[in-house]
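Single-structure report; data block below.
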Amino acid sequence: MMKVRYVGTIAQRIGRSEDTVSPADSVVSGQDLIAWLRETDDGLNFAFGLRKNLMLAVDGVVRPISSDIRAASQVAIIDPISGG
Amino acid sequence: MPDAITPEERRRYARQMMLRGIGTEGQQKLKSARVVVVGAGGLGSPVLQYLVGAGIGHITLIDPDTVSESNLHRQVIHASTAIGQAKVESAKTFAAGLNRWTEIEPIQALASAATLRPCLQDADLLLDCTDNVESRRACVAASAGVCPLIIGAAIAFDGFVTVVPADADGKAVLDALYPGEPEPGDTCEMLGVLGPIVGVIGAVMATEAIKLLAGFGTSLAGRALFFGAQNSSFMELELLPRAA
């Protein structure tokens, strides 16, 4: 099982900030995970569809979105926060 | 040589001077400090509240905007009667009412590297309380090799804080936090913001500032601390990891 945390507008748009999931075996990278999440949830499909540049953190470390996430216990998908 | 602390100041700051890491020496450092704050809005409000309250000696405050009614739910240093005034002037009025030992130098201007460089010549610290990536890049460029930078950002229910030491690769930090080009419309005006979120993030920024200036604790350099209000949780992320 993998905990996925959503930060920024993704969380705002879907009304929750985390899910616990068991990704399909085909999910390797952060990009794969986002694509898989979009297939599983209409709200996530909508929210992710509005954003192009997302930030990924794997077990507490910021990594490129293309990073391998198969061994992760927690992944954070962050819509960059620029307001203030 | 830091300025001496007067008996009146000693009474005023007694509850923070009793803390290990501050004391008389730390309070003198705060009194002697020269800090630049960019942005007198959502994040700038709590930052100013706590830095002025803590007795920072001199704050240069930079912001181009005027106070509007829709600012007031979160930009809590500005009074209803200040609507239409320059934010830097309204903030100066607030600071004067809170602590006469803090000198505020208001500059009503947009932050750019050119605007910031002269302000940073004798600065000990820069705080980025802006609301857009372009201004953040200006803060990074101007502070590189000059002074530490504290970056804060908030929108909707979320925000984060990080610290960029003067000798760190600030551009790489920003590239980690903002991969790709900024999305259009990523502002509080377009996406909304819960008032206390800027309070939480701004209070962490002020905490980091006091630590850096007084010289105690471990800063958020190399890390970003996120806070999400929807499940009331903090999340610490390591930035710029070594190659795997």
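The values are calculated or read from the model by the stated rules, or taken from the named source; none is laboratory data. If you're wondering where the values come from, they're calculated on a predicted model, not measured in any experiment. Cβ placement follows ideal geometry from the backbone for every residue including glycine, while neighbour counts extend to all protein chains displayed.
Among the residues of segment B:145-167, those identified as at pLDDT 95 or above and either out of contact with any strand residue (DSSP E or B) (no Cβ under 7 Å at 6 or more places or on another chain) or not in a strand (DSSP E or B) (or both) are B:Gly145, B:Val146, B:Cys147, B:Pro148, B:Pro165, B:Ala166, B:Asp167. Among the residues of segment B:3-43, the ones that are among the aliphatic types (A, V, I, L, M), touching a residue at least 24 places away in the same chain (Cβ under 8 Å) and more than 16 Å from B:Ala209 (Cβ to Cβ) come to 2 in all.
Exactly one residue out of B:Val52, B:Val88 is more than 14 Å from chain A (Cβ to nearest Cβ), touching an Asp or Glu at 6+ places or on another chain (Cβ under 6 Å) and part of a helix (DSSP H, G or I), and it is B:Val88.
Given the criteria farther than 26 Å from B:Ala141 by Cα and either outside any loop (DSSP other than H, G, I, E, B) or within 14 Å of chain A (Cβ to nearest Cβ) (or both), does B:Gly97 qualify? Spelling it out, B:Gly97 is indeed farther than 26 Å from B:Ala141 by Cα and either outside any loop (DSSP other than H, G, I, E, B) or within 14 Å of chain A (Cβ to nearest Cβ) (or both).
For B:Tyr178, the conditions (1) modelled with pLDDT of 95 or more; (2) surrounded by fewer than 22 Cβ atoms within 10 Å (Cβ to Cβ) all hold with the exception of (1). Return a yes/no flag: does segment B:145-168 have any residue that is under 16 Å from B:Arg34 (Cα atoms), buried (at least 19 other Cβ atoms within 10 Å of the Cβ) and either in contact with a Pro (Cβ under 9 Å, 6 or more places away or on another chain) or acidic (Asp, Glu) (or both). Yes. Can you tell me which residue is nearest to the other protein chains (Cβ to nearest Cβ) among those in segment A:69-84 that are under 18 Å from A:Ala11 (Cβ atoms) and among the aliphatic types (A, V, I, L, M)? Ranking the qualifying residues of segment A:69-84, first place goes to A:Ile81. Looking at A:Gly60, A:Gly49, A:Gly43, just one residue is within 24 Å of B:Tyr178 (Cβ to Cβ), surrounded by fewer than 16 Cβ atoms within 10 Å (Cβ to Cβ) and more than 12 Å from chain B (Cβ to nearest Cβ), and that residue is A:Gly49. Residues in segment B:113-129 that are touching a helix residue (DSSP H, G or I) at 6+ places or on another chain (Cβ under 9 Å), in a helix (DSSP H, G or I) and either within 14 Å of another protein chain (Cβ to nearest Cβ) or without any contact (Cβ under 8 Å) to a residue 40 or more places away in the chain (or both): B:Ala113, B:Ala114, B:Arg117.
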